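Asks: For reference, the structure I am asking about is given below.
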Amino acid sequence: MANYRGHLAGATAFFAVYLAGLFYVFSIDAAYTRFTLLELVAYPLALFGLCLMFALWPDVDTNSLGQTLFYWIFFLVDVVLIATRHFQEAAYLGLFAILPVLGKHRGWTHTWWAMLLIPSPLLLLPYLFFPERPLYGLPFYGAAVVGYLSHLVLDGVLFRIRRRRAYR
């Protein structure tokens, strides 16, 4: 079991592999002609930030750095939604925000399906807002899933599931 520092270190290692994979899939030369220097720096930093955040997400169901970070984000976004009179969206965010604390630690937030489902807005929202670029959110979704995966691997959740199935 890793603490938040261990999860951040693990996410950093997993992200390095992910970023190397992105560099392999997408030509570096094409990126230099397509993006500005600011974008070439900001884009990987944004992906890295998402990876680190989602490495902390599974522990949002207990008193942790992840819980503090995400609940501050939820609070600030909720304030903005209320100030801009988007009350229905604020209510949905509030409903979503309380779900992790309704479960037990290492409950649903430590599952493979949550790893795929929780970051899905990063994949779906860009698709809805930019239908001409349907895969625009894919690298962001991938970074979030990689961070989440690093947490599950470090906590041993994925391997524990396999051991249980082997003894059945």
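Asks: Return one whole number: the accessible area per residue of segment 102-143 in Å², for a 1.4 Å probe.
Replies: That works out to 64 Å² for each residue.
Asks: Report the Stokes-Einstein translational diffusion coefficient (µm² s⁻¹, integer) for segment 17-128, Rh taken as the Kirkwood radius over Cα pairs, at 25 °C with viscosity 0.890 mPa s.
Replies: Reported coefficient: 150 µm²/s.
Asks: Which of these, GLY66, GLY137, GLY49, has the largest mean-square fluctuation under a Gaussian network model of the chain (Cα springs below 10 Å)?
Replies: Evaluated over the chain, the most mobile residue of the options is GLY137.
Asks: Using only the heavy atoms of the protein chains and a 1.4 Å probe, how would VAL153, VAL41, VAL25, VAL60 rank by accessible area, largest first?
Replies: VAL25, VAL41, VAL153, VAL60
Asks: Next up: In the chain, with Lys and Arg counted as +1 and Asp and Glu as -1 at Cβ, which of these residues, TRP72, TYR136, GLY21, has the Cα nearest the positive end of the dipole, that is, farthest along it?
Replies: Most positive-ward Cα: GLY21.
Asks: Ignoring any ligand, DNA or RNA, what whole percent of the accessible area of the chain comes from carbon and sulfur when the probe is 1.4 angstrom?
Replies: Details: 7760 of 10820 Å².
That fraction is 72 percent.
Asks: Helix check for the chain. Which DSSP H runs span at least 20 Å along their own axis by Cα, with a mean Kyte-Doolittle hydropathy no less than -0.5? Mind showing how you got there, number by number?
Replies: Values: long enough: 4-25 (31 Å, 1.08); 37-56 (30 Å, 2.16); 65-83 (27 Å, 1.93); 87-102 (23 Å, 1.54); 138-155 (25 Å, 1.21).
Taking the DSSP H segments of the chain (at least 20 Å long, mean hydropathy at least -0.5), we get 4-25, 37-56, 65-83, 87-102, 138-155.
Asks: Might you work out the accessible area of THR62 for me, using a 1.4 Å probe with all protein chains in place, and round it to the nearest 10 Å²?
Replies: 50
The values are calculated or read from the model by the stated rules, or taken from the named source; none is laboratory data. Just so you know, these numbers come straight off a predicted model, no measurement behind them. Cβ coordinates were reconstructed from backbone atoms using ideal geometry, including for glycine residues, and neighbour counts include every protein chain displayed. We work out accessible area using only protein heavy atoms, side chains counted, and drop any ligands, DNA or RNA first. Shrake-Rupley method; radii C 1.70, N 1.55, O 1.52, S 1.80 Å.
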